[in-house]
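For reference, the structure is listed below as structure tokens.
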Amino acid sequence: MHCPVSNSFVGAGTLPLKDLSSMTIGLGTDAAMVNPVNNITFDALMSIYHHGDNDFTKKVSAAYILKTLTEGGANSLGLSQTGRIETGFKADLIFYDMKSIDSAYLNTPISILKMLNLESPCKVMINGKIIIDNTNFIDSTLLENESEYSAIREMINL
């Protein structure tokens, strides 16, 4: 797992992501004491700009960073058939209302990362089950555990 924000903050250096691209790497976020934003989508954007800051041959693509957020993260945690939209894979999906999305978002990996960082989804599915619809929880079992509820709301910026 890699957290570029905390690496930068504590002066740990830059993970050579480009050199390690054949390995399974997941993008993560560290505790708030070394990562004041503590937001995985901010870490994703930081990865684009942090790596290759003075040498563009070391820069990774936004498409690669999207992969570290999804499939790379799942594989790093030992989860199989998770992390991509494909037949037989578990489906955790977020949906956005096209009418409320800024026209500046193009269908490119960097604009998708920007959208994930700035916008809140209108619907969330976990393992194929809708748990948030129109930005409201519809699964009452999640409301029974307040800490889990708060963590999920914070994670998706609601």
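The values are calculated or read from the model by the stated rules, or taken from the named source; none is laboratory data. As the structure is a prediction and not an experimental result, all values here were calculated from the model. Every residue, glycine among them, receives a Cβ derived from its backbone with ideal geometry; neighbour counts consider all protein chains shown. Heavy atoms of the whole protein, side chains included, go into the accessibility calculation; ligands, DNA and RNA do not. Shrake-Rupley method; radii C 1.70, N 1.55, O 1.52, S 1.80 Å.
Miscellaneous remarks
- Most to least accessible of Asp43, Asp55 (protein chains only, probe 1.4 Å): Asp55, Asp43
- Percent of Cα pairs exceeding the 21 Å cut-off, where the set is region 1-103: 41 percent
- Computed E for Phe95/Asp30 - FRET, C-beta separation, R0 25 angstrom, nearest 0.05: 0.30
- Using θ = phi - 60° in the Karplus curve 6.51 cos²θ - 1.76 cosθ + 1.60, the 3J(HN,Hα) couplings for region 11-24 round to x, 6, x, 10, 5, x, 4, 4, 5, 9, 4, 7, 8, 7 Hz; x is entered for Gly and Pro.
- Two-site label geometry, Leu106 and Ser8: point separation in nm, points 7 Å out along Cα→Cβ: 2.3 nm
- Surface composition of region 1-58: carbon plus sulfur atoms contribute 58% of the solvent-accessible area (1.4 Å probe, protein chains only, all chains present).
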